[in-house]
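Engineer: Structure provided below as structure tokens; questions to follow.
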Amino acid sequence: MSLREKTISGAKWSAIATVIIISLGLVQMTWLARIFDNHEFGLLTVSLVIIALADTLSDFGIANSIIQRKEISHLELTTLYWLNVGLGVVVFASVFLLSDVIASVLRTPALAPLIKTLSFAFIIIPHGQQFRALMQKELEFSKIGSIETVSVMAGFGVTVGAAMFYPFAMTAIMGYLVNTAVRTALFGFFGRKIYRPGLHFSLKSVSSNLKFGAWLTADSIINYVNTNLSTLVLARILGASIAGGYNLAYNVAVVPPMKLNPIITRVLFPAFAKIQDDTDKLRINFYKLLSIVGIINFPALLGLLVVSNNFVPLVFGEKWQFITPILQLLCVVGLLRSIGNPIG
């Protein structure tokens with residue numbers, strides 16, 4: 001199969017999986033927004049925002065550095081695997097120990113147990129990250145899509161089912177941990193058929209990967225601040241309920257383009273990596289990418305902006321009516337970010 005055929009096939013499977021995952025995510029978010037009170041929903045969203053930064057730090061761009069390299073040795077892969085595991089343990093310990101401090105800074109003591117529980121994900125996640133990267137490098141998106149869909153469905157089932165009897169933020173966090181555990185187990189099971197980590201470690205052999213990863217991590221941190229600082233500031237000044245409302249609007253207007261764009265960009269990254277020495281070919285295909293992104297995102301977001309006054313009470317309930325003007329503004333933000341995303 002040619003690179004073009006692999007890319008198209010990868011885009012198809014990635015699109016199917018992403019649409020299912022986004023749909024389940026929106027259904028789950030809508031369900032929780034309706035049955036949780038505003039404060040509990042706010043606690044959930046703020047705790048997940050905090051964990052998103054830790055997730056960025058725990059990966060350190062290692063997965064993308066593996067994809068970017070045309071050739072990579074077994075020694076390098078093994079070293080990066082154990083480095084990822086070590087980073088995960090460090091991030092877990094840091095987040096767990098700092099949870100009370102973070103909750104105090106945000107003036108929301110109830111966040112501490114949620115953050116502590118979420119921190120256990122960082123012991124689990126690193127054991128599947130490298131295998132996912134290797135599958136992505138070989139454009140095996142049908143397998144990746146299947147694994148991620150199954151794991152999201154497992155987490156969705158636990159969250160929605162348990163929330164009917166226990167409508168508190170901790171319920172959704174347990175669902176998140178189930179999702180993480182299932183995903184890691186499946187990537188580990190299938191990934192070890194491709195490659196098995198050894199017991200070797202050579203930091204010198206992965207210096208170029210770490211340099212690449214450091215720049216990606218710096219970029220991710222800047223994007224994190226740009227994306228999530230407003231939620232944390234709102235949580236500290238106005239409380240978790242307002243932060244949750246803002247985050248709800250953000251997840252409707254800005255997050256879907258951020259999730260949909262990688263259907264294309266995630267598939268094209270390894271494809272572009274294979275033609276990285278042909279600048280003209282890269283340029284032409286990148287402009288095509290921008291055109292497709294605009295055609296997909298602009299009609300949906302402009303339509304949402306127009307109907308937002310009816311959309312909010314119908315979907316989320318009257319208690320969230322105050323987020324309507326926020327949603328309208330964030331539709332404009334979503335348009336701009338949808339174009340900026342492939343550039344990043």
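The values are calculated or read from the model by the stated rules, or taken from the named source; none is laboratory data. This one's a predicted model, so the numbers in the text were calculated from it and none came from an experiment. Positions of Cβ are backbone-derived with ideal geometry, glycine not excepted, and every protein chain shown enters the neighbour counts. Calculation scope for accessible area: heavy atoms of the full protein, side chains included, ligands and nucleic acids excluded. Shrake-Rupley method; radii C 1.70, N 1.55, O 1.52, S 1.80 Å.
Engineer: How large a share of the accessible area of the stretch 186-295, in percent, is made up of carbon and sulfur atoms when the probe is 1.4 Å and the other protein chains stay in place?
Structural biologist: On the way: 3900 of 5910 Å².
Ligands and nucleic acids excluded, carbon and sulfur reach 66 percent.
Engineer: Note the angle between two axes, namely the Cα long axis of helix 38-59 and the longest principal axis of the Cα atoms of the chain, as a number of degrees from 0 to 90, rounded to the nearest 10.
Structural biologist: So the inclination is approximately 20 degrees.
Engineer: As a test of the formula, what do you get for the chain when each DSSP H run with n ≥ 4 contributes -39,500 (n - 2.57) and the sum is divided by the residue count, at 222 nm and rounded to the nearest 500 deg cm²/dmol? Working shown, then result.
Structural biologist: On the way: 14 runs with 287 residues, N = 344.
Result for the chain: -29000 deg cm²/dmol, rounded to the nearest 500.
Engineer: Considering amide H positions built from the backbone, and no H for Pro or chain starts, which residues 5 or more places from Gly198, or on another chain, come under 5 Å of its amide H?
Structural biologist: Distant-sequence amide H within range of Gly198: Thr78.
Engineer: Going down the list Lys143/Lys193; Lys193/Lys259; Lys137/Lys281; Lys137/Lys193; Lys137/Lys259, which pairs span over 22 Å between their C-alpha atoms?
Structural biologist: Numbers: Lys143/Lys193 13 Å; Lys193/Lys259 29 Å; Lys137/Lys281 20 Å; Lys137/Lys193 15 Å; Lys137/Lys259 19 Å.
Where the Cα-Cα span goes over 22 Å, the pairs concerned are Lys193/Lys259.
Engineer: Starting with the highest mean, order 247-254, 310-317 by the number of other Cβ atoms within 10 Å, averaged over the residues of each peptide. The partial results should precede the final answer.
Structural biologist: Working: 247-254: 23.6, 310-317: 15.2.
Answer by packing, highest mean first, reads 247-254, 310-317.
Engineer: Please state the equivalent ellipsoid semi-axes for the stretch 153-255: what are the square roots of 5 times the Cα gyration tensor eigenvalues, largest first, in whole Å? Working shown, then result.
Structural biologist: Values: eigenvalues 227, 125, 23 Å².
One finds semi-axes of 34, 25, 11 Å for the stretch 153-255.
Engineer: If you wrap a convex hull around the C-alpha atoms of the stretch 89-153 and split its volume per residue, what is the figure in Å³? All intermediate terms of the calculation are to be shown ahead of the outcome.
Structural biologist: Values: hull volume 6.8 nm³, N = 65.
Spelled out: Cα convex hull of the stretch 89-153, divided by residues, is 105 Å³.
Engineer: With θ taken as phi - 60° and the coefficients 6.51, -1.76 and 1.60, list the Karplus ³J(HN,Hα) couplings across the stretch 90-102 in order, rounded to whole Hz; mark glycine and proline as x.
Structural biologist: Residue by residue, the stretch 90-102 yields 5, 5, 4, 4, 5, 5, 4, 6, 8, 4, 5, 5, 4 Hz.
Engineer: Could you please report the charge total around Tyr250, scoring K, R as +1 and D, E as -1 over all other residues with beta-carbon less than 14 angstrom from its beta-carbon?
Structural biologist: Working: positive: Lys259, Arg337; negative: none.
Neighbour charge sum, excluding Tyr250 itself: +2.
Engineer: Tell me, which longest segment in the chain has none of the GluC sites (Glu not before Pro) that fall in DSSP loops with at most 15 further Cβ atoms within 10 Å? Before the final figure, lay out the partial values.
Structural biologist: Values: sites that count: Glu71, Glu138.
In the chain, the maximal stretch lacking such sites is 139-344.
Engineer: Treating the angle as unsigned and between 0 and 90°, give the value, to the nearest 10°, between the Cα long axis of helix 324-343 and the longest Cα principal axis of the chain.
Structural biologist: 10 degrees
Engineer: Also: Among 171-177, 224-230, how do they line up from the highest to the lowest mean number of other beta-carbon atoms within 10 Å?
Structural biologist: 171-177, 224-230
Engineer: Angle, helix 126-137 long axis vs. longest principal axis of the chain, Cα atoms, 0 to 90°, nearest 10?
Structural biologist: Orientation of helix 126-137: about 60 degrees from the principal axis.
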